[in-house]
Amino acid sequence: MNGIVMPDAYVIYNAVGTKTSAKGVEEIAPQNDAEWAVVANAAAAVVESGNLLLMGDRAVDKGDWVKMTRAYMDQGKLALKAAEAKDKDGIVSAGGDLNTTCDNCHAKYQR
């Protein structure tokens, strides 16, 4: 979680938003292809980390663990599609839903 999931999820969470400072309200979003690629790569890592969570004896159980991991992967796929389309609203939506899948799983399984 600390090596792949959290760092890459935070890239998605922080990719689009607003920041208020003395200068006023500033919109945050990727500005070029390279920055969008960073978000897409993070989303791809989120999806693939889900596969790692399901491998062999890593799956804690065959019920909710699998269901929750797949929901997490689905949101990663939506974030990947949004990043590839340079869709700021899609990133916000997928990122929020990704966070919810993480929170739901942590409520049951966090060690």
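The values are calculated or read from the model by the stated rules, or taken from the named source; none is laboratory data. If you're wondering where the values come from, they're calculated on a predicted model, not measured in any experiment. All Cβ positions, even for glycine, are placed from backbone atoms using ideal geometry, and neighbour counts span all protein chains on display. Surface areas here come from the heavy atoms of the whole protein model, side chains and all, with no ligands, DNA or RNA. Shrake-Rupley method; radii C 1.70, N 1.55, O 1.52, S 1.80 Å.
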Next on the checklist: Accessible area per residue for the chain in Å², computed with a 1.4 Å probe and the full protein assembly in place, what is it?
Outcome noted: 62
Checklist entry - What are the ³J(HN,Hα) values, in whole Hz, obtained from phi via the Karplus relation 6.51 cos²θ - 1.76 cosθ + 1.60 with θ = phi - 60°, for each residue of segment 60-65 in sequence order, with x given for Gly and Pro? => result 5, 8, 9, x, 4, 4
Item to check | Computed magnitude of the charge dipole of the chain (debye, nearest 20; Cβ of K, R +1, Cβ of D, E -1) | outcome: 260
Item to check | Charge dipole (debye, nearest 20) of segment 46-97; +1 at Cβ of Lys and Arg, -1 at Cβ of Asp and Glu | outcome: 60
Checklist entry - In whole Hz, what ³J(HN,Hα) sequence does segment 35-48 give by Karplus (6.51, -1.76, 1.60; θ = phi - 60°), x for Gly and Pro? => result 5, 5, 5, 4, 5, 4, 5, 5, 5, 4, 5, 4, 4, 5
Item to check | For segment 25-108, convex hull volume per residue from C-alpha positions, Å³ | outcome: 85
Item to check | 222 nm mean residue ellipticity, helices alone, for the chain (DSSP H n ≥ 4; -39,500 (n - 2.57); rounded to 500) | outcome: -22500 deg cm²/dmol
Checklist outcome for this item: Cα-Cα longer than 29 Å, checked against Lys67/Lys88; Lys88/Lys108; Lys19/Lys108; Lys19/Lys67, kept in input order, equals Lys88/Lys108; Lys19/Lys108; Lys19/Lys67
Checklist entry - Percent of accessible area on the chain owned by carbon and sulfur, 1.4 Å probe? => result 52
Checklist entry - At a Förster radius of 41 Å, what calculated FRET efficiency corresponds to the Cβ-Cβ distance of Leu54 and Asp89, to the nearest 0.05? => result 0.85
Item to check | Area projected by the alpha carbon convex hull of segment 1-66, averaged over all directions, nm² | outcome: 6.0
Checklist entry - Once you charge only the Cβ atoms, +1 for Lys and Arg and -1 for Asp and Glu, what is the size of the charge dipole of segment 25-64 about its Cα centre, to the nearest 20 debye? => result 260
Item to check | Formal net charge of residues neighbouring Ala42 (Cβ-Cβ distance under 14 Å; K, R +1; D, E -1) | outcome: -2
